[in-house]
Amino acid sequence: MSEILLNNQVIVYLVSESILFVLMLIALLPTIKIVIKWKFYSFSQEQFALEKRAYLVATIVDFIFVVKFFLLIYFVFTIDALSILVPGAMCAAGVVSANDYGMPLLFFKLLILFVMLLWMTLHRYDLEAKEYPFMRYKSWLFIAIFVLVVVEMLLEIGYFTHIDTRRVVSCCSALFGQLEGANPLPFGLDMLKMIIRFYLLYFVNIVALIARYRALTMTSSILFLIISYYSVVYFFGTYVYELPTHKCPFCMMQKEYYFIGYLVWGSLFGGVSISLVWAIMGSLFGIDKSIYRNISVLFISIFVLICTSYVVVYYFRNGVFL
Amino acid sequence: MITIEALQRYFDGGDERFYALKDIDLHIGRGECVVLKGVSGSGKTTLLGIIGGLDKPSSGKVMVDGEPISKLPDLHLSNFRAQKIGIIFQHYNLMDHLTSRENILVPLIPVANDMHRVEEMTDAAMKLASISHKADMQTSRLSGGEKQRVAIARAVVSDPDIILCDEPTANLDRENSLKFIESIQMLHQLGKTVVIATHDPLFDDLPFKSRVVHLEDGRLV
Amino acid sequence: MIREFYLLVMVLSLFLSAIIAHYSLFDRLEATNSQLELSRVVKMPLLALSVGYLESQKLFDDDSNTIYPQMQEIDRMDFVYEK
Amino acid sequence: MRSSPFLYFFTLQFFREYKNHLATTVISIALIFLLSAVLFISSSIKYSIDISLGAQADFVVERVRGGKKVDLPIEWIDTLLETRGVQKVTTRVHGRYFFEDKREWALIVGIDFMDEQSNRALEKLVESVDLEKFLFSSNMLVGDGVQRYLKEHFYPKGYNFLTPDGKYKKVSIFGTIPNSLNLMSNNMIIMPQELAKEILGIKKSMVTDLTLNVPNDNLWDSISDKIASLYYDIRVLTKREMQKAYENMYNYKSGVFLMLFLITMATFVLILYQRYSMVFSSQRRNIGLLRAVGWSIRDILKLKLYESLMVVLVSYVIGVSLAYLYVFVFDSPVLIDMFLGGENLDHKIKLIPVVDFGVLSSIFLIYTVAFIASVLIPTWSIAVTDPKEAML
């Protein structure tokens, strides 16, 4: 047995995930039934029973969403704590890259939360409509979520059982540092161009949200997410650490930096995913609620504000940029 | 106000199908008072339940205020019950661990946003049912007549258009029954639509305008 | 009923504030410094952590059998696990 | 609170029917108390280990023969110092001394009076230590547990150690190590190295082991290999290895407990499922009434889930608080021996309060997830009660 599996937090994490998985299984059965047998205008007992079962599915999804959200934070926190056991790792970045399952796992976690958010939005409007118009879409979406969760579960098992505590992993400075002049930035941008694009995309995104341009919102959100990731890792992060060579998406979640990373990434992912949910809901189902746009604008602005203020504060304190 | 067309309610038990209600067509106008009569097991309670959105028909159409309620999703049906329907149950159905006042405000909880408003409406309902003096007493310690009045107050607290009564006088003595009829008269005068399911002969001749409908083995006679 | 709720909240916050008070009033610096200094002196990590082979014996240390004082306790296994 | 009717009704319902939740709350408190006490103890000990490991040298060099640690000659120091990159090699002399009844032992640690750094630390640690006087005659500093043991056996001022040669060596107690350090020093006797060698039967030219520093940590791996090839019977331990060994040991000890806890939790989940199914079905009529007067399935779900959440929160706060008091204020009797082992002298150990987010969130997560997950289905099945139940 790997000594990773002895760690209390890993045990708690895996057990919680398994409980959620069992709940997913419980919810899967009625969902499949709904896909096959749902006839809203039927008066049969079966149909009434299905309508009740749908509530079980909804309750379970709500619960799983809330727990998964906290488990994501807990997961990052846990792998951060594991860096003691993995040689060479200074923070979560090293532990995540300890094997090939780590990064996909993290990606799947975010994806699942996003799809669940979509599901919950759909469910909300489904309940408020008079004939459960989205029930079938919801059920298919749930089955998709289930498949994603199965993959996540497999990745998780693979990840935690394949961390080799004798092999040295690279720490964040090796993973994200510039290696021999190779440009790590996407689309062949340089730093200044990327930062300009960062603010430009922010502006476009906000305008698109306010003016209700759905397609534009979708594209600009996704681009903004990508550019933001690189900007935070390679530019804003260095101001958080106050060290031009320290480039890491994970270290900022540590206590030394007042856990600011959780806020930074939380507001970014929250804002972008809510704006995407708004755009998708609008274009596929004709649901358009301004609260989604408002929250999204708020989150994205908070994100940009935090990033900017680190640079500004640094400049005012030291009189130079890094 | 209430329109029922070709309503059926049956239960599938084994091979046989048991009909609780069969081919019911009924129209009840706004402000009308209708007494459903019939022996026990004739389907009065089931019909009442379907009108109030408590039970679902097996087929047919039930319209209240022009809206079909027979196939509403739960959220809407509950909303409908909360806003349009007030029910007085046969056994009063009070929550014994609560006081009268707390029992009365129960229907307001899911629809109201403000506690002050809830309290105002509760006070008004208690006044209407003249039970204000027992407001803070546990309902398990009330007498039958008082319980009945709490039940009335609860039925009217959200100011519904329709009041449904299920065997309201089954557990009351004659004196209290007469008092109950007085309160029904008052509600009728307030313009509520009242539907009473009962086999009590007292309701045969109400002191105000009413219509008596007979049910027998799930059919209107 | 609201009163009970406030009472409960009060009891809970009393608990919490007692703990927070104890936690924040604890002189952590002093405690960690003296532990640091002791380990500088002895150049060894923590020591009151015996996990030795005699452990089982000491945990149930009522070792004399009153009827047969000479009899060996079965949990004295040190001759087996010679170190 | 007064402005939200739902919360008003929720508190009303919850406190009027608190008897339904009393049993589960009490059991929950007990379970959370146990788990958090164990985790508090292990995390506090880990914290102390981290501190003392921080003060350790980078490498420990031992001599191992036949799987047993044996003394090594002092000349090794010179050989080690010839390796490039190695700095500050120091000697350690330590060993166990079994008292007369051979059951209780103390750990004798000899300190080198040439070592400036340790002398300064010693002065800071024990007030009124006159180093000159202490180091140049037969004196010792004793830990709290040793002192009490000696006092009980009528040696209040000093002790006659029996050396392996059969001679008695009288050593007087010069002072005691403050008892706030009991975690480390309960069984400890500190004395000058020469004296320790005599009592432990170590030859004058030998020491127990050596420690050394390598300031450049990029060289750690290569130097470790180099040293290991110097002698055939040498064993090199790095600080990192020690750190990991301790981490694993405490993970293991609390992990075993956590596993047991999880099994208990699984049983409790079943009990909860049964219990809440029962409690809720007794409320079937009332729930039917609520549904009849206009509560939707969603409202009932909310009401019932709030009840469970309330139970979890209350028992979490109370359980964790009690555990904190038990461990850090009342010094965790009984449970701490699970982590320290039973071999110590009678001890009263004060732990440094450590409450980290990891421990708190782990307890909360595992408990809440299991609890709510097990009441989810009973809650749902009561929430979808037909409103017509009220008419029956």
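The values are calculated or read from the model by the stated rules, or taken from the named source; none is laboratory data. What you see is a predicted model, and the numbers here were worked out from it, not measured in a lab. In this analysis, Cβ positions are derived from the backbone assuming ideal geometry, glycine residues included, and neighbour counts consider all displayed protein chains. Ligands, DNA and RNA are excluded from the accessible area calculation, which covers all protein heavy atoms including side chains. Shrake-Rupley method; radii C 1.70, N 1.55, O 1.52, S 1.80 Å.
A few notes on this one:
- Screening segment D:338-355 for residues that are assigned to a helix (DSSP H, G or I) and crowded, with 19+ Cβ neighbours inside 10 Å and picking the one that is farthest from the chain's Cα centre (by Cα) gives D:Leu340.
- Of all the residues in segment B:104-122, those that are over 17 Å from B:Val156 (Cβ atoms) and either touching a strand residue (DSSP E or B) at 6+ places or on another chain (Cβ under 9 Å) or polar (S, T, N, Q) (or both) number 1.
- On the stretch given as segment D:244-273, residues that are more than 7 Å from every other protein chain (Cβ to nearest Cβ) and among the polar types (S, T, N, Q) total 2.
- Hits in segment A:158-175 (condition: out of contact with any Cys (no Cβ under 6 Å at 6 or more places or on another chain) and not in a loop (DSSP other than H, G, I, E, B)): A:Gly158, A:Tyr159, A:Phe160, A:Thr161, A:Ser173, A:Ala174, A:Leu175
- Residues in segment C:1-37 that are of a type in the set (S, T, N, Q), open to solvent by less than 60 Å² (accessible area, probe 1.4 Å) and closer than 30 Å to D:Leu122 by Cα: C:Thr32, C:Ser34, C:Gln35.
- For A:Ser231, the requirement of being touching a residue at least 40 places away in the same chain (Cβ under 8 Å) and over 22 Å from A:Phe107 (Cβ atoms) is not met.
- Criterion (among the small types (Gly, Ala, Ser), open to solvent by 50 Å² or more (accessible area, probe 1.4 Å) and either in the same structural domain as D:Arg84 (by TED's automatic domain parsing) or in contact (Cβ under 8 Å) with a residue 60 or more places away in the chain (or both)) met by exactly one of D:Ser229, D:Ser205, D:Ser224: D:Ser205
- Some residue of segment B:76-95 being open to solvent by less than 30 Å² (accessible area, probe 1.4 Å), more than 12 Å from every other protein chain (Cβ to nearest Cβ) and farther than 24 Å from A:Ala49 by Cα: no
- The set of residues in segment B:168-221 that are among the aliphatic types (A, V, I, L, M), open to solvent by less than 20 Å² (accessible area, probe 1.4 Å) and over 18 Å from B:Ser42 (Cα atoms) comprises B:Ile181, B:Ile184, B:Leu187, B:Val194.
- Subset of segment D:283-308 (residues that are under 45 Å from the mean Cα position of the chain (by Cα) and either among the aliphatic types (A, V, I, L, M) or farther than 17 Å from B:Ala112 by Cβ (or both)): D:Ile300, D:Leu301, D:Leu303, D:Lys304, D:Leu305, D:Tyr306, D:Glu307, D:Ser308
- Test: D:Asp221 is within 14 Å of chain A (Cβ to nearest Cβ), charged (D, E, K, R), over 30 Å from D:Leu131 (Cα atoms) and in a helix (DSSP H, G or I): yes
- From the list D:Tyr276, D:Tyr316, D:Tyr326, the one residue that fits, being open to solvent by less than 10 Å² (accessible area, probe 1.4 Å) and more than 14 Å from chain B (Cβ to nearest Cβ), is D:Tyr276.
- Considered as a group, the residues in segment A:96-105 that are surrounded by 20 or more Cβ atoms within 10 Å (Cβ to Cβ) and among the hydrophobic types (A, V, I, L, M, F, W, C) include one that is farthest from A:Val57 (Cα to Cα), and that residue is A:Ala98.
- Counting only residues that are open to solvent by 30 Å² or more (accessible area, probe 1.4 Å) and either within 14 Å of chain B (Cβ to nearest Cβ) or assigned to a loop (DSSP other than H, G, I, E, B) (or both), segment A:106-128 holds 2 of them.
- The residues listed here are A:Ile291, A:Ile280; of these, the one that is of a type in the set (A, V, I, L, M), surrounded by 17 or more Cβ atoms within 10 Å (Cβ to Cβ) and either more than 19 Å from A:Val233 (Cβ to Cβ) or not assigned by TED's automatic domain parsing to the domain that holds A:Val115 (or both) is A:Ile280.
- Of residues in segment B:96-123 being among the charged types (D, E, K, R) and under 16 Å from B:Lys147 (Cα atoms), the one least open to solvent (accessible area, probe 1.4 Å): B:Glu102
- Flag for D:Thr176 being closer than 30 Å to D:Met338 by Cα and open to solvent by 20 Å² or more (accessible area, probe 1.4 Å): yes
- Annotation note: of A:Phe224, A:Phe285, A:Phe269, the sole residue that is more than 26 Å from A:Cys171 (Cβ to Cβ), among the aromatic types (Phe, Trp, Tyr) and under 16 Å from the mean Cα position of the chain (by Cα) is A:Phe224.
- The condition of being within 12 Å of chain D (Cβ to nearest Cβ) and out of contact with any Cys (no Cβ under 9 Å at 6 or more places or on another chain) does not hold for B:Val150.
- Boolean, B:Pro107 is more than 17 Å from the chain's Cα centre (by Cα), facing another protein chain (nearest Cβ under 8 Å) and not in a strand (DSSP E or B): no
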